[in-house]
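Read-outs throughout are calculated quantities, based only on the coordinates presented, and are distinct from any laboratory measurement. Model, not experiment: these values are computed from the prediction. Glycine gets a Cβ as well: all are built from the backbone with ideal geometry, and neighbour counts include every protein chain shown.
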Amino acid sequence: MKKIIISLALVVLACQSQAQDKYFTKTGKIYFDATTPASPEKIEGTNKSVTCVIDSKTGNLQFSVLMKGFEFERALMEEHFNENYVESSKYPKTEFRGQVTDNSTVNYHADGVYPVKVKGKMNLHGVSKDVETSGKITIKGGKIIASAAFAIVLADYNVSIPTLVSDKVSKNASITVECVMEPLK
Amino acid sequence: MKRKTILYSFITVIIILGALCFVAFREYNRKHVDVADKPAAYTISGAEIIKAFSADEKAANSKYLDKVIAINGTVKSVDKDEQSSITVILSDAGSMSSVRCSVDSIHNEQADNLVSGSQVTVKGVCTGFNADELLGSDVILNRCSIKKINNN
């Protein structure tokens, strides 16, 4: 009887620890910037509804971004972004699946800032590509803040820039990620 | 006589050019229209739209994406971050799925006194569906405004 109770307790504990390994957010932020020195204005968009999950045990990391959720200051720019560049009606979702490659260097139980490397595959505009970047994991009061900044070559994802504006829209969009994640219960 | 014709056509061209510039300038500077002022293409309950997306995401995308949608539902929680962007989460009790409404900052005050359990109508632009076994599935609305339904 005692054995059963103990093993049951162990199972419960195991389940709990498994659940607590994962952290997530559904309100992560991604900033998109394709401004060049020749741009007459800033070409910036913000998405405030990014879903992100990280498994602190394995370092597995996953992002899901709805392209129509990018907000630009100018309505016209937002329409161009959606209709001419990323074709968000055809490809509504961008996903990244990857891993923190040096996950063992992060102590998820101690507050601190840990520089990390992230590697994975991003699917944008119907094209899947390998992405590798350095980022930062900040542990603060039981929360994980994942941040990273990297550039993507738009042509890699078959996003073409019309020649008329080729010097005004950057061929390399810079992407900034900021996700404050809470433990998944 | 000929001179006059030239003058008139010259003036006409100037006026047309001016008008074009004006239209282009206005279009370029066009601001987002407040979604609250736009008519809703569909009025639907939270549970129904989640069902539509879960059943056939592609069909639901082509029906709802980019459309102004009014959704009736129960507030599960209100999420406010450091940059004071507010997300109102509509979900029926016990359901893992929800409708997540990112509130337009000009309407932030409408989310102020919402408590979980409030009956509301949220109007916003549908940006899509995020399905996840672990986290539950969500229909996402952007640029939302909120109206409370008084049922007492």
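Numerical summary
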| item | result |
| --- | --- |
| Between helix A:2-21 and chain A: long-axis angle, C-alpha atoms, 0 to 90°, nearest 10 | 20 |
| Computed [θ] at 222 nm, deg cm²/dmol, chain A (DSSP H ≥ 4; -39,500 (n - 2.57); rounded to nearest 500) | -4500 deg cm²/dmol |
| Evaluated at q = 0.11 Å⁻¹: base-10 log I(q)/I(0), Debye formula over Cα of the stretch A:22-183 | -0.45 |
| Listed residues A:Ala173, A:Ala110, A:Ala148, most fluctuating in chain A (Gaussian network, C-alpha, under 10 Å) | A:Ala110 |
| Inter-label distance, nm, simple model (7 Å from Cα along the C-beta direction), A:Asp111/A:Asp156 | 3.7 |
| Summed residue charge, Cβ within 13 Å of A:Ser134's Cβ, Lys/Arg positive, Asp/Glu negative | +1 |
| Zone of A:Thr36's modelled label, taken as backbone nitrogen in the stretch A:134-170 under 18 Å from a point 7 Å along Cα→Cβ | A:151-170 |
| Entries in A:Lys93/B:Lys80; A:Lys57/A:Lys171; A:Lys90/A:Lys143; A:Lys48/A:Lys140; A:Lys26/A:Lys117; A:Lys42/B:Lys58 that, when Cα-Cα distance is taken, lie over 29 Å | A:Lys57/A:Lys171; A:Lys90/A:Lys143; A:Lys42/B:Lys58 |
| Cα-only Debye scattering, the stretch B:1-84: base-10 log of I(q)/I(0) at q = 0.14, 0.15, 0.19, 0.23 Å⁻¹ | -0.76, -0.81, -1.01, -1.12 |
| Per-residue ³J(HN,Hα) for the stretch A:77-84, Karplus 6.51 cos²θ - 1.76 cosθ + 1.60, θ = phi - 60°, Hz, x for Gly and Pro | 5, 4, 5, 4, 4, 6, 8, 9 |
| Theoretical ellipticity at 222 nm over chain B - DSSP helices of four or more residues, -39500 (n - 2.57) apiece, nearest 500 | -9500 deg cm²/dmol |
| Value of relative contact order over the stretch B:35-150, rounded to a whole percent, pairs C-alpha under 8 Å and six or more apart | 29 |
| With at most 13 neighbouring Cβ atoms within 10 Å, loop GluC sites (Glu not before Pro) (DSSP) excluded, longest segment of chain B | B:1-81 |
| Inter-chain shielding of B:22-28 (mean C-beta neighbours from other protein chains, 10 Å cut-off) | 1 |
| The stretch A:61-93: trypsin sites (Lys or Arg not before Pro) in DSSP coil with no more than 14 other Cβ atoms inside 10 Å | A:Lys90 |
| Space enclosed by the convex hull of the alpha-carbon atoms of chain B, per residue, Å³ | 168 |
| Nearest 10 degrees, 0 to 90: helix B:46-55 Cα axis against chain B principal axis | 80 |
| Pairs of Cα atoms farther than 25 Å apart, the protein assembly as shown, % | 59 |
| Contact order relative to length of the stretch A:22-183, as percent, for alpha carbon pairs under 8 angstrom and 6 or more apart | 26 |
| 10 Å Cβ neighbours from other chains, averaged over peptide A:56-62 | 0 |
